[in-house]
Amino acid sequence: MAGIFSFKCSSCDEIHEGSPSFGFNAPDPYLEQSEEIQSKGKLSDDLCYYEDEDGIHYFARVTVEIPIHGIEDGFLWGVWVSLSKASYEHYVNNFTKEEIDQGYFGWFSNYLPYYSNTYALATNVYPQANGKRPILELQEKDHELYHDFINGISITKAQKIAELCIHG
Ligand SMILES: [Zn+2]
């Protein structure tokens, strides 16, 4: 039977309980913009856009789950993906619908700790009913995050990544 994730932290000696869940407040490229560009754009809990010399860049916050071996709930990341204008508008217009039968293509837009560069990995975005965060699926690529997404990670690896997220 699948268990509950908890471990004694080697950094702070406390027991951390529950499957890890870490989120990013913004897409990394947004944080790299000037205050002026940021102030003319938008950043909420779920949506973001900004305009630079290349045009307008659109983002949505999504959830990607990495299975942990033998544990019921996986390692959850709240990350941002960039969407085309058409996908972004479709997402915004259908946000509170009970059924959304369309997925989107998205580019991974955060740098996850532990992993080598996760920026601009190709993904499929699946909007969920009633305003729940979309679920992310990574497209096949020879990258550790993709392999972990498909194969899951050991409890030891989950602990190592969680410690890094909690304590830096
Ligand atoms: Zn700790």
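Could you tell me whether any residue of the stretch 84-93 is open to solvent by 80 Å² or more (accessible area, probe 1.4 Å), among the polar types (S, T, N, Q) and more than 16 Å from the ligand (Cβ to nearest atom)? For the stretch 84-93, residues open to solvent by 80 Å² or more (accessible area, probe 1.4 Å), among the polar types (S, T, N, Q) and more than 16 Å from the ligand (Cβ to nearest atom): present. Residues in the stretch 110-120 include at least one that is on the phi > 0 side of the Ramachandran plot, in a loop (DSSP other than H, G, I, E, B), among the hydrophobic types (A, V, I, L, M, F, W, C) and open to solvent by 20 Å² or more (accessible area, probe 1.4 Å). The set of residues in the stretch 1-36 being away from the ligand (no atom under 16 Å from the Cβ) and under 21 Å from the mean Cα position of the chain (by Cα) consists of Gly23, Phe24, Asn25, Ala26, Pro27, Asp28, Pro29, Tyr30, Leu31, Glu32, Gln33. Only a single item in (1) away from the ligand (no atom under 16 Å from the Cβ); (2) among the polar types (S, T, N, Q); (3) surrounded by 13 or more Cβ atoms within 10 Å (Cβ to Cβ) is not met by Ser39, and it is number (3). Taken over the stretch 126-168, the criterion of being assigned to a helix (DSSP H, G or I), touching a Ser or Thr at 6+ places or on another chain (Cβ under 6 Å) and away from the ligand (no atom under 16 Å from the Cβ) is satisfied by Gly131, Leu145.
The values are calculated or read from the model by the stated rules, or taken from the named source; none is laboratory data. None of these values were measured; they are calculated from a predicted model. All Cβ positions, glycine included, derive from the backbone under ideal geometry; neighbour counts span all protein chains shown. Side chains included, ligands, DNA and RNA excluded: accessible areas come from the protein's heavy atoms. Shrake-Rupley method; radii C 1.70, N 1.55, O 1.52, S 1.80 Å.
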